[in-house]
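Sharing a structure here in structure tokens format.
Each reported figure results from applying straightforward, stated rules to the coordinates on display, with no laboratory input. A quick note: this is a predicted structure, and the numbers were derived from the prediction, not measured. Because the Cβ atoms are built from the backbone with ideal geometry, glycine has one as well, and the counts that use them run over all protein chains shown.
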Amino acid sequence: MTNATISTPEFLLGQARRRFKPALNNFPGMYAAERRLRGTHFHERVLAEPPPGSDLRPVTGDGGLPVLGHMIEMFMDTPDYLLHLYRTRGPVLYAYSPVLPSVVAIGPDAAQEIYSNRNKDYSQEGWKPAIGPFFKRGLMLLDFDEHLYHRRIMQEAFTRARLARYVTQVDRVASAVVADDWVVDDSRFLLYPALKELTLDIASAVFMGHEPGTDKELVTEVNEAFAITTRAGNAIIRVPLPPFTWWRGLRARRLLEEYFAARVTESRRRSEGSAADDLLSVLCHSADEDGNRFSDRDIVNHMIFLMMAAHDTSTSTASTMIFNLAGSPEWQERCRDESDRLGDGPLDIEALEKLESLELVMNESIRMVTPVQWAMRRTVRDTSLLGHYIPEGTNVIAYPGMSHRLAEIWTDPEVFDPARFTEPRNEHKRHRYGFTPFGGGAHKCIGMTFGQLEVKTILHRLLRRYRLELPYPGYRPRWDYGGMPIPMDGMRIALRPL
Ligand code: HEM
């Protein structure tokens, strides 16, 4: 497999497509429009009057522009716009968006109430308008007792012993792709699409059990269906009519259901002792302490969600880290020194745990560009949030990426400074919910350690082979905040063989 992103005509075409693909954030003049919108005063409304006699205040907000609401401000730079709202309007306000009207709950105090969810006032139903039809009954979309039941069984697929076996497989794929498929000595190399392909290759092997290079047609078809399903959640026209993205997403989801159902039947036929080590096979045989197991349908739903949850998040994390290391030769050398001490032998969890500088760089990278920008919830009863009245059935969205830029918590938050996570500074401990790239509470990311090990493996293999270089001094990609943050130009990085 050779990476096509680098051949000159395709590269230019790809770049042009990226630059000119119409989106809210790449129209000429959007920056000026966004600045103006921030200063515009829209008509204020009250979400709901608090019950008489309560000390609660109402949540107030506005609808922004007709049809578009505040989408332009959000898409240009979500955390920066939210920081502006936090400073000018406080931590709790209402956005009358036509797509998803919701309470905007910003900052670490709001995050604490929502994540810890003491009275079980917040349900995961908030995710449904965004991704429900495509990722229905995935772990993140389940609630309360039912969620706990499923999480306990799934936990069995993420024990240290299981992770150790996944690491071996991740390493096999990552080592081969990084060594053979990535173009070197060319500052036009587009890192982001190459990484996306790599993390899909890894998922095909580790999650679905396809040996790299085998079952090519099937793997390609499944991966394409998966990409369409994931993108469908961002559709602007949200109706199941051909040829719209939403309809294509539903069609792709059906293909994934058929594929995974067949794989589950196949895997169930094997006895537990002879089961393979991929995640799907593990889920087929996982049981909680009481012997509860997943049904076939559960596994299909969980696999489709897990593929999505693992993919763009790891790609985003790895690409931000590589960009930061390319821009910071000192940290790059420091990480490489640790990698050199490990050498090129097979990797295991203990070895990866020794890559401490890489871990600091990872934390700092997902602080600065947080892959999952939102925690979407819906209230199941009337409740209060930081003294504001919120009625039952209200969408409430917390935004961890904004807390990661607060000067009250982080010294010079805009500066890349991984040492802020070390003793005695420990800036991430200044507020319990100040640093939550993996969420918090009952729904905290179950794949956190897997994701960290995967990304570290990729980075270790890269650092052993190449010096990472920016295409030119001062290069900074612009991020598309329409969904998970994506570098709009594909992120150019030069790989210089060592
Ligand atoms: C490095 C990358 C990752 C980041 C930044 C990340 C982030 C998150 C966040 C913020 C949540 C919480 C969402 C909420 O509160 O509603 C979450 C949940 C989840 N993540 Fe991850 N994730 C990553 C990698 C992974 C991987 C690799 C997997 C699977 C192997 C995974 C599987 C899940 C699942 C299943 C949930 C739902 C957990 C539950 O509801 O109990 N994630 N992730």
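Among bridges DSSP assigns within segment 18-169, what percent are antiparallel (round to 5)?
Details: 7 of 9 bridges.
Taking every DSSP beta bridge within segment 18-169, about 80 percent pair in antiparallel fashion.
Between rounded, prolate and oblate, where does segment 389-458 land on the alpha carbon gyration tensor, with a ≥ b ≥ c its root eigenvalues, rounded for a/c under 1.5, else prolate if a/b exceeds b/c? Before the final figure, lay out each step's value.
Values: a/c = 2.37, a/b = 1.27, b/c = 1.87.
Oblate.
Also, quick follow-up: May I ask you to list the residues of segment 208-234 whose amide nitrogen lies under 20 Å from a point 7 Å from Cα along the Cα→beta-carbon direction of W247?
225-234
List the extent of the Cα atoms of segment 326-439 along each of their three principal axes, largest first, rounded to whole Å.
Projected onto its principal axes, the Cα set of segment 326-439 covers 57, 32, 25 Å.
Label segment 63-172 by shape, choosing from rounded, prolate and oblate, from the square roots a ≥ b ≥ c of the eigenvalues of the Cα gyration tensor; if a/c is under 1.5 it is rounded, and otherwise prolate applies when a/b is larger than b/c, oblate when it is not. Write down the numbers at each step before the final one.
Working: a/c = 2.08, a/b = 1.85, b/c = 1.12.
Verdict is prolate for segment 63-172.
Compute the Kirkwood hydrodynamic radius of the chain, taking the inverse of the mean of 1/r over all pairs of distinct Cα atoms, and give it in Å to one decimal. Could the numbers behind the result be given before it?
Numbers: mean 1/r = 0.0419 Å⁻¹.
The Cα-based Kirkwood calculation yields 23.8 Å.
Between L65 and F42, what length comes free when the chain is fully extended (0.36 nm per residue of separation minus the Cα-Cα distance, one decimal in nm)?
Full extension from L65 to F42 adds 7.5 nm.
How many nm is it between the label spots at T220 and D340, if each spot is 7 Å from the Cα in line with the beta carbon?
4.2
Give K196/K216; K354/K456; K128/K456; K128/K444 a once-over and call out the pairs whose C-alpha atoms are over 20 Å from each other.
Numbers: K196/K216 17 Å; K354/K456 11 Å; K128/K456 32 Å; K128/K444 18 Å.
From K196/K216; K354/K456; K128/K456; K128/K444, over 20 Å: K128/K456.
Hey, another quick one. For segment 406-419, in order, what is each residue's ³J(HN,Hα) by Karplus, 6.51 cos²θ - 1.76 cosθ + 1.60 with θ = phi - 60°, in whole Hz (x at glycine and Pro)?
Going residue by residue, I get 7, 5, 5, 9, 10, 6, 6, x, 7, 8, 6, 8, x, 5 Hz, with x marking Gly and Pro.
Sort 71-83, 474-486 for me by packing, meaning the mean count of neighbouring Cβ atoms within 10 Å per residue, highest on top. If you can, show how the numbers build up before the last one.
Numbers: 71-83: 21.2, 474-486: 17.3.
Top of the packing list down: 71-83, 474-486.
Could you tell me, in Å, what Rg and Dmax come out for the Cα atoms of segment 149-223?
14.9, 51
Please give the peptides 166-175, 315-324 ranked by average Cβ packing (other Cβ atoms within 10 Å per residue), highest first, as a rough proxy for protection. Walk me through the numbers on the way to the answer.
Values: 166-175: 21.2, 315-324: 25.5.
Highest mean packing first, the order is 315-324, 166-175.
Simple spin-label model, 7 Å along Cα-to-Cβ: R381 to K444 in nm?
Label-label distance for R381 and K444, simple model: 2.6 nm.
Using a Förster distance of 45 Å, how high is the FRET efficiency between V415 and N292, based on the Cβ-Cβ distance and rounded to 0.05? Provide the component values of the computation, followed by the final result.
On the way: r = 48 Å, r/R0 = 1.08.
My answer for the efficiency is 0.40.
Also, I was wondering about something else. Would you please give the residues with an amide H less than 5 Å from that of L385, counting only those at least 5 places away or on a separate chain, with H modeled from the backbone geometry?
So L385 has HN proximity to I390.
By DSSP, what percent of the beta bridges with both residues in the chain are antiparallel, rounded to the nearest 5? Don't jump to the answer; show the numbers that get you there.
On the way: 24 of 31 bridges.
For the chain, the DSSP antiparallel bridge percentage is about 75.
Further question on the same structure: Just how many % of Cα pairs in segment 169-272 lie over 16 Å apart, if you round to the nearest whole percent? Please list the in-between numbers first.
Details: 3544 of 5356 pairs.
Roughly 66 percent, once rounded to a whole number.
What does the net charge come to around D143 if you take all other residues with beta carbon closer than 9 Å to its beta carbon, with K and R at +1 and D and E at -1? Intermediate results must be reported in sequence, preceding the final value.
Working: positive: K120; negative: E125, D145, E146.
Local charge sum for D143: -2.
So, one more: Subtracting the Cα-Cα distance from 0.36 nm times the residue separation, let me have the gained length for Y96 to D180 in nm, one decimal. Walk me through the numbers before you get to the answer.
Details: separation 84, 0.36 × 84 = 30.24 nm, distance 5.03 nm.
Stretched out fully, the Y96 to D180 stretch lengthens by 25.2 nm.
Report the Cα centroid-to-centroid distance between segment 173-222 and segment 25-61 in angstrom, as an integer.
Here the two parts' Cα centres lie 43 Å apart.
Another question about this same structure. Hey, what number do you get for the chain at 222 nm if only DSSP H runs of n ≥ 4 count, each worth -39500 (n - 2.57), divided across all residues, to the nearest 500? Don't jump to the answer; show the numbers that get you there.
Values: 18 runs with 238 residues, N = 498.
Helix contribution divided over all residues of the chain: -15000 deg cm²/dmol.
How far apart, in nm, are two points set 7 Å out from the Cα along the Cα-to-Cβ line at R151 and at A261?
3.0
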